[in-house]
1. With no solvent and one point per C-alpha, what does the Debye sum give as log10 I(q)/I(0) for chain B at q = 0.05, 0.08, 0.10 Å⁻¹?
2. In peptide B:624-630, what is the residue-averaged number of other protein chain Cβ atoms found within 10 Å of each Cβ?
3. With a sphere of radius 15 Å drawn around the Cβ of B:T258, what net charge do the other residues whose Cβ falls strictly inside it have (Lys, Arg +1; Asp, Glu -1)?
4. Return the sequence-ordered ³J(HN,Hα) values of segment B:489-506 in whole Hz as given by the Karplus equation 6.51 cos²θ - 1.76 cosθ + 1.60 applied to θ = phi - 60°, using x for Gly and Pro.
5. If you restrict to DSSP beta bridges whose two residues both lie in chain B, what percentage is antiparallel, to the nearest 5?
6. Please state, to two decimals, what the Cα-based radius of gyration of segment B:433-472 comes to when divided by 2.2 N^0.38 Å (N = residues).
7. With θ set to phi - 60°, apply the Karplus curve 6.51 cos²θ - 1.76 cosθ + 1.60 along segment A:55-72 and write out the HN-Hα couplings as whole Hz, x wherever there is a Gly or Pro.
8. How many angstrom lie between the C-alpha centres of segment B:412-457 and segment B:113-141?
Amino acid sequence: MGDFVLNVNGARLRVSASAEETLLSVLRNRLNLTGTKYGCGEGQCGACTVLLDGRATRSCLVPVESAAKAKIVTIEGLAQNGKLSAIQQAFLDEGAFQCGYCTSGMILGATSLLHERHNPTEEQIVEAMEGHICRCGTYPRIVEAVKRASRLLAPGASR
Amino acid sequence: MNHRDEPVTEFVQGSLSARPCISEMDRRDFLKVLGGGLLVCLTQTSSWAQESGRGFGGHELSKELSAWLHIAADGEVKVFTGKVEVGQNIRTSLAQLVAEELRVPFDAITMVMGDTDLTPWDMGTFGSRTTPTMGPQLRTMAAAARQMLLEIAAQRWHVDPAGLTAAGGKVTDPQNTRSLAYGELSRGEKLVKTVSSEERLTPAPEWKIAGTAVPKAEGRDFVTGKHKYPSDITRPEMMFGAVLRPNGFNAALASLDTSAAEKLPGVKVVRDGDFIGLVAPDAFAAQRALAAIQAKWNVPAQSSNQGLFAYLKNNPENGRDDGPQHVSGSVEPALAGADLKLEEQYSVAYIAHAPLEPRAAVAEWIDGKLTVWTGTQRPFGVRDELMQAFHLSPAQVRVIQPDMGSGYGGKHTGEAAVEAARLAKAAGKPVKVVWTRSEEFTWAYLRPAGLIEIKAGAQHNGTLVAWEHHNYNSGPAAIGTPYSVANQLIQYHAAKSPLRQGSYRGLASTANHFARESHMDGMAHVVSMDPLEFRLKNLTDPRLQAVFQAAAEKFGWGRLKSTPERGFGIAGGLDKGGYVATCAEVEIDAASRRVRIRRIVQAWECGAIVNPDGLRNQLAGAIVQGIGGALFERILFADGRILNPHFAQYRVPRFSDTPQIEVVLIDRKDLPSAGAGETGLVGVAPAVGNAIFAASGIRLRNMPMAPRSGVLGEPDPGFRS
Ligand code: FES
Ligand code: FES
């Protein structure tokens, strides 16, 4: 066990964990940030996606030690003062979920994508999100939600 | 809608938690706990009981309450039902139906669901039964409550209740515009009413809240990560459990050494008969300790995918044949006398539900009472499993089902609940067990594999005269043909399954529709008719005709001509009150035989629509899920092991597999609402197979039709996806 200081959603959190424990396990089981989900533990489903320094990252593959220097953002950190991020709002408006278990990972994946490309084409959305599984099959609405979010985020768009 | 965490949790943690099951409580006690108000209880009418009560653990629904509804002094309405929300959106659609009949805004309703201490006994959430059975029950109860409120107001004002109106959560006297809110009417009251007969319900054409696209209840909690799924539950001092699995089915333990695991800090190994598990202070330590256990197993030689379908045909369950489900006329002479005949075999593979949230449970024992939070479609069934495992009475077990990361028919059982409870008992602390993905693939149950044999005969003019359909192992759901055929023999043959199998979204409806609708397509070819025209010629059911026509029209059927690179197919059917027709467009690369589904148009009718937006979401989801089983999903197994227990090897549909999907809804406000969680799946595979045939002239008769690789010993037509 070692002591780590993690920068999560803008707060510095002290946590003791084994160095090789995954960031996913630390977030869920030690910091009670359960919005980040376990779906496979093998980098195959995207349910555990968080942002590390702004980039979508599978937290099930990242040892906590190597996340200690990064700025970590989880689903709990997206809304600001109770106001949903544009991407959260777009998912809500499109009803882009059924059971919702994939939703956190999808939203963070989309956040990273829209950070890199403000106006992705449908093909680019599909390519970027391909690593995310929605077993309920909500893909068409998720694509629509990402498009809607990109419109909400476009310069000059009013929210 | 009130936030679920707040009022319900508070309610859960109040005095009720120590009480026996409410169905055994005096209902006035229940009101005491709820702080007075109006309580309406519903007993099952005989027609509902007949439909859903048979054969489940001796529970005769007709003697029990099936739901209750409470109106508090502040006007809050709580509805209690044993059904569970798994992503199919019934938390929303049921609340819409109650709000409609009670004449309150949608937000006034809180649904309390799937908690065995708080909700009435329920067999489980499956079979698309919620909308057609729980829906009218809750509506009946709400209509009775509204009538009671009108009567209370009439008494207070000394007027005739018939002259009063209920709307917007108030009773109003139109004579002088005085009004009383429901909360004011129930305040200080301790009123209990038991309703058993059907009240006059608001007809669908008059609906204002039901029938509209109300957004998912508490949708915001799903985009903020706030919603707590079963695997997210924590309890004070909770430990983490892990279970040692054999390295094959039917294995016998040869040797076991747990000493290294036991030396790890805080780890306790628990052995109870065949069960070997452990608890640790954190999830990481639990997995590390599990890896430190040295166990050797003897796994007996067992069968594999190779030869599976012959095995299923030759190994009837119980060694006997139960006889046909359905016989009319005389198939044999009719076939002999038919102008044109077709006889084929079809098969479906074992597939996994693979819900994104695997099985999970948190168990806690307090003073001999066991409480388990777990993801299940049958909280009362899991309660029974726990009662049996630990020799407890119903009052000593409580199962709580937080809205979960879905199930698709795969979570009827309580394995993780029993494991967590066993470990928690040994540890003397609450314990959480979350299955890994490969545990979920290996130790849950599968959709049955099956072999289907069909013989059919027709006249030159396209009239079907004989239909014989045998299903080995996959199941009897929707086995009967919806086409008019004078001579029929339809039979399901239960078989010994080499793998653990169970329920799956739509059950065998998918397999039976795949075989039947592929065969219908083949027959259309044999009689040289257009596949749609051939179906309509042999169809008298107007509801099925209507969906076929609606799908064909939207798709442009008839204007589209298949080429070797692009095929168009159609299929349809009905089950569980839902009517579906599906058109598919596929693209085939001539060189690689790679198949891509480009477009799916699906027409759907299930009576009066309760929530069109939720319905579209369900149907699109069913289509996407159907693509997996149609093209590539398949469990590979040999010698007691699942060979592909990871998403890297077991392919599920992803973004790039998703075609353009268009759903056409037919809203029959004159017909009762049926469920839509399952049957939307069944048209996909045959429509796609028929489209591939239209393009290539090759009939694919085995699902999945375009898997990553062939199976040893099976013909491989070489289509990939
Ligand atoms: S849990 Fe990390 S990718 Fe599946
Ligand atoms: S909404 Fe259920 S997995 Fe995506």
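1. The computed values of log10 I(q)/I(0) come out as -0.27, -0.69, -1.04.
2. Counting other chains' Cβ atoms within 10 Å and averaging over B:624-630 gives 2.
3. Summing Lys/Arg as +1 and Asp/Glu as -1 gives +2.
4. The phi angles translate into 9, 10, 9, 9, 10, 5, 10, 6, 8, x, 10, 5, 9, x, 5, 8, 2, x Hz.
5. Of all bridge pairs located within chain B, approximately 70 percent are antiparallel.
6. Output field value: 2.28.
7. Running phi through 6.51 cos²θ - 1.76 cosθ + 1.60 with θ = phi - 60° gives 9, 4, 9, 7, 5, 6, 10, 9, x, 4, 3, 7, 8, 5, 8, 8, 8, 9 Hz.
8. Distance between centres, Cα-based: 23 Å.
Only the coordinates and a few stated rules stand behind these numbers; no lab work does. All figures in this text were calculated on a predicted structure; none of them were measured in a lab. Neighbour counts run over all protein chains shown; Cβ positions are idealised from the backbone, glycine included.
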